[in-house]
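Engineer: Quick one: this structure, given as structure tokens, is what I'll be asking you about.
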Amino acid sequence: MDEISPRAYPLAGSTLTTRILNLVQQAYSYGQLKKGANESTKSLNRGLSEFIVMAADAQPLEILLHLPLLCEDKNVPYVFVRSKQALGRACGVSRPVVACSITINEGSQLKSQIKSIQQEIERLLV
């Protein structure tokens, strides 16, 4: 396992990671997911992001480090999970995914789960 960079902050613990990856999987099946750093950046710029999930083991990590700045700018919660492989699987692809964005959908069944994870992420930042 690669060393996790201290810049990958906040890093979700294992229980939160599991909940995040489950939500990512559901968002994928509901079509509320943008995969990859570029798509995530676009959804942030368009104001469509509920929150951003990034992989702490992205190589080099710099390819993602514009996202936390953008998130703070747009007031969107963000979090790192340890593995891009696991994130890729949750996104429904067999390739590693370094970042994804859960997108806003007003009538979504995922609303309450998204809310609860946003609150968890905010707790990590305190």
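Taken together, the values in this text are just the output of simple stated rules run on the coordinates, not laboratory data. Small disclaimer: the values here were computed from a predicted structure and weren't measured. Quick reminder, even Gly has a Cβ in these numbers, built from the backbone with ideal geometry, and neighbours come from all protein chains shown.
Engineer: Projecting each Cα onto the charge dipole of the chain (Lys/Arg +1, Asp/Glu -1 at the beta carbon, about the Cα centre), which of A99, P77, Y28 comes out farthest on the positive side?
Structural biologist: Y28
Engineer: In nm, what is the difference between 0.36 nm times the number of residues separating N45 and L65 and their Cα-Cα distance?
Structural biologist: My answer for the length gained is 5.7 nm.
Engineer: Another one. What's the local net charge at T18, with K and R +1, D and E -1, over the other residues with C-beta under 15 Å away?
Structural biologist: Counting the neighbours of T18, the net charge comes to +2.
Engineer: Taking the Cβ of L87 as the centre, find all other residues whose Cβ is under 11 Å away and add up their charges (Lys, Arg: +1; Asp, Glu: -1).
Structural biologist: +4
Engineer: Write down Rg/Rh for the chain, rounded to two decimals, with Rg from the C-alpha atoms and Rh from the Kirkwood relation over Cα pairs. If you can, show how the numbers build up before the last one.
Structural biologist: Values: Rg = 12.8 Å, Rh = 14.0 Å.
Rounded to two decimals, Rg over Rh is 0.92.
Engineer: Could you work out how far the C-alpha centroid of the stretch 98-126 sits from that of the stretch 5-50, in angstrom?
Structural biologist: 8
Engineer: Would you work out the relative contact order for the chain, in percent, from Cα pairs under 8 angstrom that are 6 or more residues apart?
Structural biologist: Normalised by residue count, the contact order of the chain is 37 percent.
Engineer: Compute the signed sum of charges (Lys and Arg +1, Asp and Glu -1) over the other residues within less than 13 Å, Cβ to Cβ, of P68.
Structural biologist: Details: positive: R7, K74; negative: E62, E72, D73.
Charge balance near P68 sits at -1.
Engineer: Follow-up question, since we're still on this one. Do the sum for the chain: with -39,500 (n - 2.57) for every DSSP H run of n ≥ 4, divided by all residues, what is the mean residue ellipticity at 222 nm, to the nearest 500 deg cm²/dmol?
Structural biologist: Estimated from H runs of four or more residues: -13500 deg cm²/dmol.
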